[in-house]
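A.B. asks: Structure below; questions to follow.
The values are calculated or read from the model by the stated rules, or taken from the named source; none is laboratory data. All values reported here derive from a predicted model rather than from experimental measurement. Glycine gets a Cβ as well: all are built from the backbone with ideal geometry, and neighbour counts include every protein chain shown. For accessibility, only protein heavy atoms count, side chains too; no ligands or nucleic acids. Shrake-Rupley method; radii C 1.70, N 1.55, O 1.52, S 1.80 Å.
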Amino acid sequence: MKPLHIILGLIGLAVLIVAPLGQGTYITYVLCSWLIFSISAMGLNLTLGYAGQVSMAQAAFMGIGAYITALMTMAGIPWIVAVLVAISSTFAIGLVLGYPALRVQHHFLAFVTLAFNTLVFLVLRNEEWLTGGSFGIVGIPRPEVFGIATMKGLPFYYFALVCFLVAAAAMAWMIRSPWGRAFKALRENPIRANSLGLDTRRMTLLAFAIGSAFGGLAGAMQAPLVQFIEPGSFALVHSLKILLMVVVGGSGYFFGPMLGAAIVVLLPELLRFTEGYYLIIYALLVLVLMVFSPEGLFGLGKKLINRFRPQAERGDMKQGAQL
């Protein structure tokens, strides 16, 4: 890692540490939401941005993780045990959901995952004996970590920040590992990757499973943050919202989901001074970005840097021109 990257990382960490200080409860809650949705968007970015597999079911995995955590913690089971069960369960379900990706691709796969998200929503709404139905589950306790209670906003923010950093570190390691290169090969040209000996079936299933596990982790944190969950919080519109985070930030870029989550979660709050027009302004900004830079904000930044950076002339081309 370059020294500049280390310095920028330390500056970013310092900003995250001091961001909630002196802020009200609502601002702290919004920052926690940004951290949680960043984790979920990181998982979708692995599935979509790196492996090239379309998924519109990330909110469903958040819902599964949230309900598992809520039911277990309200039964007196520690949060750390509940979150491990939530991550394992969503990993296994994502592995099963990945099997249709072995037979269908692109918009057909999007319809399959869309149907799964709808199925999960209907189960959460109709199985009242387990999920509480449309009334949801109320009074979900916040975790106690190493004897430190997180009932107040500031302690829970730092708890969420630690979880976010651990998830980001795991994702960075994965992307730089041979798995990450295999995911990129699967995205660029699966036929060529298969001809070079890559087990594309296994990597496709892993892309879905790992991305789903990140959604389960985000849901396991969403439940104690809000302390109330209901099926509507994990409907299809929220999967589209997470997909928007990945696309706006920059699909296939490591920091893309984090920036996209900041745009989707924080920008509407910053535009509230415009009163009734903030959603119109927000939608227009996103529309303009997608028209002029389909690769998102990081793709736009890369284009600008390449445009103004002087291009180094290759030595062999210079010698060829002299001939």
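A.B. asks: Working only with C-alpha atoms, what are the Rg and Dmax values of the range 26-75, expressed in angstrom?
C.D. replies: When restricted to Cα atoms, the range 26-75 yields Rg and Dmax of 13.3, 39 Å.
A.B. asks: Related question: Taking a 1.4 Å probe, which of L297, L46 shows the most accessible area, and what order do the others take after it?
C.D. replies: L297, L46
A.B. asks: Take the Cα of R272, step 7 Å along the line toward its Cβ, and report every residue of the range 151-167 whose backbone nitrogen sits under 19 Å from that point.
C.D. replies: 153-154, 157
A.B. asks: Using the C-alpha gyration tensor of the range 168-224, what are the square roots of 5 times its eigenvalues, in whole angstrom, with the largest one first?
C.D. replies: 27, 12, 7
A.B. asks: Please compute the contact order of the chain in relative form: average sequence separation of alpha-carbon pairs under 8 Å and at least six residues apart, divided by the residue count, as a percent.
C.D. replies: The normalised contact order for the chain reaches 31 percent.
A.B. asks: Would you mind classifying the range 244-285 by shape? Square roots of the alpha carbon gyration tensor eigenvalues, ordered a ≥ b ≥ c; an a/c under 1.5 is rounded, otherwise it is prolate if a/b is larger than b/c and oblate if not.
C.D. replies: prolate
A.B. asks: Follow-up. Before anything else, pin down the relative contact order of the range 127-283: Cα pairs under 8 Å, at least 6 apart, normalised by residue count, whole percent.
C.D. replies: 23 percent
A.B. asks: What's the Cα-based Rg to Rh of the range 1-53, Rh via Kirkwood?
C.D. replies: Using only Cα positions, Rg/Rh for the range 1-53 is 1.12.
A.B. asks: Further, regarding this structure: Any idea what angle helix 200-226 forms with the longest principal axis of the chain, computed on alpha-carbon atoms, 0 to 90 degrees, nearest 10?
C.D. replies: 40 degrees
A.B. asks: What's the angle, to the nearest 10 degrees (0 to 90), between helix 256-270's Cα axis and the longest principal axis of the chain?
C.D. replies: Rounded to the nearest ten degrees, it is 60.
A.B. asks: On a 0 to 90° scale, report how tilted helix 296-308 is relative to the longest principal axis of the chain, with both axes built from alpha carbons and the result rounded to the nearest 10.
C.D. replies: So the inclination is approximately 20 degrees.
A.B. asks: I'd like the projected area of the range 32-159, averaged over all directions, using the convex hull of its alpha carbons. Report it in nm² with one decimal.
C.D. replies: If I average the Cα hull's projected area over directions, I get 8.7 nm².
A.B. asks: Provide the descending list of Cα extents for the chain along its principal axes, expressed in whole angstroms.
C.D. replies: Largest first, the chain extends 80, 49, 42 Å along its Cα principal axes.
A.B. asks: Let me ask something else. Amide H neighbours of Q53 under 5 Å, counting only residues 5+ apart in sequence or on other chains, H built in-plane at 1.01 Å?
C.D. replies: When sequence neighbours closer than 5 places are left aside, the close amide H contacts are L48.
A.B. asks: Return one whole number: the accessible area per residue of the range 52-191 in Å², for a 1.4 Å probe.
C.D. replies: 52 Å²
A.B. asks: Under a 1.4 angstrom probe, counting protein chains only, how are W129, W34, W179 ranked by accessible area, largest first?
C.D. replies: Result, largest first: W129, W179, W34.
A.B. asks: Give the residue from L119, A209, L35 lying farthest towards the positive end of the charge dipole for the chain; charges sit on Cβ (+1 for Lys and Arg, -1 for Asp and Glu) and the dipole is referred to the Cα centre.
C.D. replies: Value computed over the given set: A209.
A.B. asks: Tell me, what is the 1.4 Å probe accessible area of K184, in Å² to the nearest 10?
C.D. replies: That residue has around 80 Å² of solvent-accessible surface.
A.B. asks: Can you give me the Rg/Rh ratio for the range 198-295, using Cα atoms for both radii and the Kirkwood formula for Rh?
C.D. replies: Ratio value, two decimals: 1.03.
A.B. asks: When only the heavy atoms of the protein chains count and the probe is 1.4 Å, how do F111, F183 rank by accessible area, highest first?
C.D. replies: F111, F183
A.B. asks: Specify whether the C-alpha gyration tensor of the range 84-226 places it in the rounded, prolate or oblate class, a ≥ b ≥ c being the square roots of the eigenvalues: rounded for a/c under 1.5, otherwise prolate if a/b is larger than b/c and oblate if not.
C.D. replies: Cα axes put the range 84-226 in the oblate bin.
A.B. asks: Stokes-Einstein D for the range 121-198 at 4 °C, 1.567 mPa s, Kirkwood Rh over Cα pairs, in µm²/s?
C.D. replies: 77 µm²/s
A.B. asks: Using a 1.4 Å probe on the protein heavy atoms, what percent of the accessible area of the chain belongs to carbon and sulfur?
C.D. replies: 70 percent
A.B. asks: Relative to the Cα centre, what is the charge dipole magnitude of the range 118-241, using +1 at the beta carbon of each Lys and Arg, -1 at the beta carbon of each Asp and Glu, and rounding to the nearest 20 debye?
C.D. replies: Approximately 580 debye in magnitude.
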